[in-house]
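Rule-based calculations on the coordinates, nothing more; no lab input. Nothing here was measured: the structure is a model prediction, and the numbers come from that model. Note that we place each Cβ from the backbone using ideal geometry, even for glycine, and neighbour counts take in every protein chain shown.
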Amino acid sequence: MIYDLIVIGGGPAGMAAALSARKEGIKDILILERDKELGGILNQCIHSGFGLGVFKEELTGPEYAQRYIEMTHEENIEYMLNTMVTGVHGIDEGSDTCNVTAVNSEKGLFELKSRAVILSMGCREKSRGALNIPGYRPAGIYSAGTAQRYVNIEGKMPGKKVVILGSGDIGLIMARRMTLEGARVSCVAEIAPYSGGLRRNIVQCLDDYDIPLLFSHTVTKIHGKKRVEGVTISKVDENYAPIPGTEKNYECDALLLSCGLIPENELSRDAGAKMEPSTQGPVVNENLETTARGVFACGNVLHVHDLVDNVTKESITAGHKAASFIKNGLGEWGEAHPVKVPSKEKNTIPEDMDRSCQMICVCCPNGCLLTAKKDEDGNYSVTGNLCPKGEEYAINEMTNPVRNISSIMKVIGGKGPVVSCKTSSEIPKGMIATVAGQIDKTTVNAPVKVGDILIKNVADTGVDIVATNVMESI
């Protein structure tokens, strides 16, 4: 059988691309996913903040993934799980199909043909080896994403005394998660003079929990042989070189690395696609087609995105363009289309921010710098907001600050040890520790479905704790 379209990767990019192609009338579509379920990295991203751009509401990662999984099922799009793609070959002169080589436990090594391929493999984290940190190689050093999976999927704690290197969004979010799970996060060190994560994550994940963010600092030594016992952090100059005399030791039993993401492009290179050094993704034309004919790319495999909503929008375009290619044939490849990557410097919170009246809005990724003032009559005025939600947020922050909480709860009788959950609505900021403590002490019996109420009226807040997990193992 020759498929019309093969999509490599069953995360948010792959599913959105496949659904977009189906909407354009493409029938024979196959998604190949190496994990045991669809959803990709979103399955372990249990925090909220997804969906504002696509669904116009705030969702957790599993909830966002579940919507696309359900749409994929509704459209009867075929997919193979636990399947690793080992090779991709574009359309050669004299041929009209792409070749895909894959392997799984049922079929062994096998080959497939399709009229087009979409690459949507996502990205991976930089490892310690890529960061050149001196010291031994003891246990307790994790990428932030690995630690996230241990905590949110497997219910295991990487450590109790934590230092985080790098202020990427995953690192910021894990600072909060580790704190909510009872760990002490000493600091987040960032070698750059600005954060690699969104402003709202700096506020919600560090400021809310009094976790220091050290700009222009990096780890210069790791202590311990069998297990991490501590790290030395030094200030760096404008060339990122450690400044002698600025060393400070931090005791820890876990070091989490959140120092950047790399597009997963081994298959792109294998296909013969030309690569763009600035993005570490493939060169594409205005149709998101790589230089390997018939092979398209979208999502984090093309360049690392800040938001999954932007991944989805780009992937919808890729599916549309791939469908047009399938229906209309080759044509001219055209010119390379430069990919615009947003600057990370905009994520820095101004050093001169007057925290008595200024704040960063966390309602959306814009992270507006708001100024709120109260006049003699008790009326509030807010400036700096790009939407009405900013004004409401600023007034609430000054009168009754509230937050949403996402966490995990132990499960008895299920195949998985934990289920992800969240507050059904916002709770007072001062109740975070109390609510997190009650969640930690509560156990639920399997089976658990998305939306099930796990705790009614948690800590007498009038708010429920509801399940958000989409994993079939619960």
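Taking a ≥ b ≥ c as the square roots of the eigenvalues of the alpha-carbon gyration tensor, the stretch 1-118 is classed prolate because a/c is 1.5 or more and a/b outweighs b/c. Taking only the C-alpha atoms, wrap a convex hull around the stretch 406-467 and report its volume per residue in Å³ as a whole number. Each residue corresponds to 68 Å³ of Cα convex hull volume.
Please state the shape class of the stretch 127-259: rounded when a/c is under 1.5, otherwise prolate if a/b exceeds b/c and oblate if not, all from the C-alpha gyration tensor. Judged from the Cα gyration tensor, the stretch 127-259 comes out oblate (a/c at least 1.5, b/c at or above a/b). Only the Cβ atoms of Lys and Arg (+1) and of Asp and Glu (-1) were treated as charged; on that basis the dipole of the stretch 406-467 about its Cα centre amounts to roughly 200 debye.
Rounded to the nearest whole Hz, the Karplus-based 3J(HN,Hα) values (6.51 cos²θ - 1.76 cosθ + 1.60, θ = phi - 60°) of the stretch 246-259 follow the sequence 9, 5, 9, 8, 10, 6, 7, 10, 8, 10, 9, 10, 10, 10, with x at glycine and proline.
Per residue, the average separation of C-alpha pairs within less than 8 Å and at least 6 apart gives the chain a relative contact order of 16 percent. Find the Rg to Rh ratio for the stretch 210-254, where Rh is the Kirkwood radius over alpha-carbon pairs and Rg uses the same atoms. Answer for the stretch 210-254: 1.01.
Of all beta bridges DSSP finds with both residues in the chain, what is the antiparallel percent, to the nearest 5?
Once the DSSP bridges in the chain are tallied, antiparallel ones form about 60 percent.
Only Cα pairs under 8 Å and 6+ residues apart enter the sum, and on that basis the relative contact order of the stretch 406-467 stands at 38 percent.
For the chain, what does the equivalent ellipsoid look like in terms of its semi-axes, each the square root of 5 times an eigenvalue of the Cα gyration tensor, given largest first in whole Å?
Those come to 38, 26, 24 Å.
In the stretch 350-399, Cα pairs under 8 Å separated by at least six residues give a relative contact order of 29 percent.
Normalised radius of gyration for the stretch 79-145, please: alpha carbon Rg relative to 2.2 N^0.38 Å, two decimal places.
Taking N as the residue count of the stretch 79-145, the ratio is 1.69.
Taking a quarter of the surface of the Cα convex hull of the stretch 185-326 gives a mean projected area of 11.6 nm².
Is the shape of the stretch 298-442 rounded, prolate or oblate, going by the alpha carbon gyration tensor and its root eigenvalues a ≥ b ≥ c, with a/c under 1.5 for rounded and a/b larger than b/c for prolate? Before the final figure, lay out the partial values.
Numbers: a/c = 3.03, a/b = 1.38, b/c = 2.19.
Oblate shape, in that a/c is at least 1.5 and b/c is the bigger or equal ratio.
Tell me, Kirkwood radius of the stretch 350-399 from alpha-carbon pair distances, in Å? Numbers along the way, then the final one.
Numbers: mean 1/r = 0.0914 Å⁻¹.
Every distinct Cα pair counted, the radius reaches 10.9 Å.
Look at where the Cα atoms of the stretch 185-208 and of the stretch 408-433 average out, and the two centres are 24 Å apart.
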